[in-house]
Each structure stands twice: as C-alpha cells, then as structure tokens.
1. Looking only at the range 75-93, count every residue that is assigned to a loop (DSSP other than H, G, I, E, B) and touching a strand residue (DSSP E or B) at 6+ places or on another chain (Cβ under 6 Å) and tell me the total.
2. Would you check which residues across the range 36-57 are crowded, with 16+ Cβ neighbours inside 10 Å, modelled with pLDDT of 90 or more and part of a loop (DSSP other than H, G, I, E, B) and list them?
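The values are calculated or read from the model by the stated rules, or taken from the named source; none is laboratory data. The structure displayed is predicted, hence computed values, not measured ones. Note: ideal-geometry Cβ built from the backbone for every residue, glycine included; neighbour counts use all protein chains shown. The protein model used for the area step is the full one, side chains on, heavy atoms only, and it has no ligands, DNA or RNA in it. Shrake-Rupley method; radii C 1.70, N 1.55, O 1.52, S 1.80 Å.
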Amino acid sequence: MNGLWTWESGLPLNFSASSTSLNAGNNGNQWPQQVAPVQILGNVGPGTYWFSPTSFANPVAGTLGNVGRDILSGPNLFSINGSIFRRFNLTERFKLEFRAEAYNVTNTKEPDLPDTTLGDAAFGQITTAHGSQSVQVNMNRLLQGSLRITF
C-alpha cells in the first residue's frame, strides 16, 4: 500500500497593463497601479473574481505602475494518489499479482491562474481549468486495476 499527498501553494501572479501611456513603443512593459488593498475572493468561474479587480487602475500617463512581481498567488494545488498491491501464490510456479491505483482520489479540480492583464474583460477571473497552467498536478479522478501472472 502506498500513497502520495500533494498540497502546494498557488503559482505567483504577474500583472501587466497597457504600455501605451508609457510612450515607449513595443519595448516598454507596464504594470497596474494598486489603488486599494487587494482582497482574495477565491471564486472560480466566468463572472466571478479570484481577487478584487477594483484594487487596480491604469497608471498616470508617463509613469510606471507600482505593482511588483509575485504580489499574489493563484489557487492552491491539491491531490491525493494511492495504490494497493497484493501477491497470491497460485502454485509453486505461478503467482498472481493484483494492483489497484487511484489518481486524484478526491477529484479536486485544478483551476488555471486568473487573468492578470488590466483592461481584459476577464481581469481577475479564472475562466478555465487544467488548460494553460504550466504546472499541472491533477486531472480528473482516474482508477485503474490490473492482474499479472508470473511463472
């Protein structure tokens, strides 16, 4: 019998905003201006927000926004995997091995990171699951079993 329990903090979020106010062409990167404390709302799905989008605004023209890198994290990652094995002696020469394995036993969904581009229609929302996140821990629940005869 064995198991694996994975519980990780979410991946860091990197925010961006339109760089047109910088007058730097395609070379400039712009960050939003944080105008209020950010609340983690924790909602997943279109029309609901992971964080409070009203905490951010476009910076004043010709200035950089004050939002730094990795100020927030996305959703946590959680997964439980396990397996059991058992060998039976059928005869002195033949042996039977039963194996059962389960992945993502709790069937916990893995939402992607929220949209962090200020000005996008989905800014602050998580609209997809298990699609674009770079670290993918769990998929849908998967159960499998097998029998093996050795001689």
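1. Step one: list which residues in the range 75-93 are assigned to a loop (DSSP other than H, G, I, E, B), which gives 75-76, 90-93.
From what is left, the residues that are touching a strand residue (DSSP E or B) at 6+ places or on another chain (Cβ under 6 Å) are 75, 90.
Here the count works out to 2.
2. Within the range 36-57, the subset crowded, with 16+ Cβ neighbours inside 10 Å is 38, 44, 49-51, 53, 55-56.
Restricting the remaining residues to those that are modelled with pLDDT of 90 or more gives 38, 49-51, 53, 55-56.
Selection gives V38, Y49, W50.
The rows are residues; the columns are (1) among the polar types (S, T, N, Q); (2) touching a residue at least 24 places away in the same chain (Cβ under 8 Å); (3) open to solvent by less than 60 Å² (accessible area, probe 1.4 Å).
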{"position": "G65", "(1), (2), (3)": "no, yes, yes"}
{"position": "G74", "(1), (2), (3)": "no, yes, yes"}
{"position": "S79", "(1), (2), (3)": "yes, yes, yes"}
{"position": "F85", "(1), (2), (3)": "no, yes, no"}
{"position": "N89", "(1), (2), (3)": "yes, no, no"}
{"position": "L96", "(1), (2), (3)": "no, yes, yes"}
{"position": "E110", "(1), (2), (3)": "no, yes, yes"}
{"position": "P114", "(1), (2), (3)": "no, yes, yes"}
